[in-house]
1. It is to be established whether one or more residues within the stretch 126-135 are over 22 Å from residue 76 (Cβ atoms), at pLDDT below 95, exposed (fewer than 15 other Cβ atoms within 10 Å of the Cβ) and in contact with a strand residue (DSSP E or B) (Cβ under 6 Å, 6 or more places away or on another chain).
2. Only one residue in 72, 102, 143, 133 is within 23 Å of residue 38 (Cβ to Cβ) and assigned by TED's automatic domain parsing to the domain that holds residue 40. Which one?
3. Within the stretch 84-105, is even one residue in a strand (DSSP E or B), of a type in the set (Phe, Trp, Tyr) and in contact (Cβ under 8 Å) with a residue 60 or more places away in the chain?
4. So for the stretch 52-69 (the condition being surrounded by 13 or more Cβ atoms within 10 Å (Cβ to Cβ) and farther than 17 Å from residue 33 by Cβ), does at least one residue qualify?
5. Pull up the stretch 76-96, narrow it to residues that are within 15 Å of the chain's Cα centre (by Cα) and at pLDDT 90 or above, then point me to the one that is surrounded by the most Cβ atoms within 10 Å (Cβ to Cβ).
Amino acid sequence: MNYFRLTTVFLLLTTSVSFAQSQSAIEILGYNHVGLYVKDLKESAKFYREIIGLKPVDVPDNLVAIRRWFQIAPNQQLHLLLGRNEPVTNNDKNGGHFSLTIPKNSADKIEAFLKEKNLPYVRQKRFDGAFQIYVTDPDGYVIELNEPKVE
């Protein structure tokens, strides 16, 4: 009789936990876009197009005066939103930033490009041997350019 009660309680508990987890979890299918508030849409768009190398995406006609969109990867975009009035704060390589994956062994080439453009950056070697390069956009957002980990 005790075995039956114990088994019943165990089944009820595991079923309840399983049901609660499936009801409360948010299923994420992918990364869609990030929106950044910018002060100068033209300057920021030029940076992401010419320095970061993102491909522009068509913006609907009714938004073209206040938005620029860029392709990061398949089904992943960066949206620039006109309207920043205050400087970006609390944004540094050890705090708020976002990271983009760069090709393996491309840090030297990227570093040379940033030097040629006279853009400040920080380069460091990660604990697993991969390189990271941090660069700041015209509004002060910090972007980490991250090589895949060394295998």
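The values are calculated or read from the model by the stated rules, or taken from the named source; none is laboratory data. From a predicted model like this one, the values you see are computed outputs, not experimental measurements. Every residue, glycine among them, receives a Cβ derived from its backbone with ideal geometry; neighbour counts consider all protein chains shown.
1. Within the stretch 126-135 (the criterion being over 22 Å from residue 76 (Cβ atoms), at pLDDT below 95, exposed (fewer than 15 other Cβ atoms within 10 Å of the Cβ) and in contact with a strand residue (DSSP E or B) (Cβ under 6 Å, 6 or more places away or on another chain)), the answer is yes, since at least one residue qualifies.
2. Of the residues listed, the single one that is within 23 Å of residue 38 (Cβ to Cβ) and assigned by TED's automatic domain parsing to the domain that holds residue 40 is 72.
3. So far as the stretch 84-105 goes, yes, one or more of its residues are in a strand (DSSP E or B), of a type in the set (Phe, Trp, Tyr) and in contact (Cβ under 8 Å) with a residue 60 or more places away in the chain.
4. no
5. That would be 80.
Okay, residues lined up against (1) under 23 Å from residue 145 (Cβ atoms); (2) modelled with pLDDT of 95 or more; (3) in contact with a helix residue (DSSP H, G or I) (Cβ under 9 Å, 6 or more places away or on another chain); (4) outside any loop (DSSP other than H, G, I, E, B):
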position	(1), (2), (3), (4)
5	no, no, no, yes
12	no, no, no, yes
23	no, no, no, yes
28	no, no, no, no
53	yes, yes, no, no
68	yes, yes, yes, yes
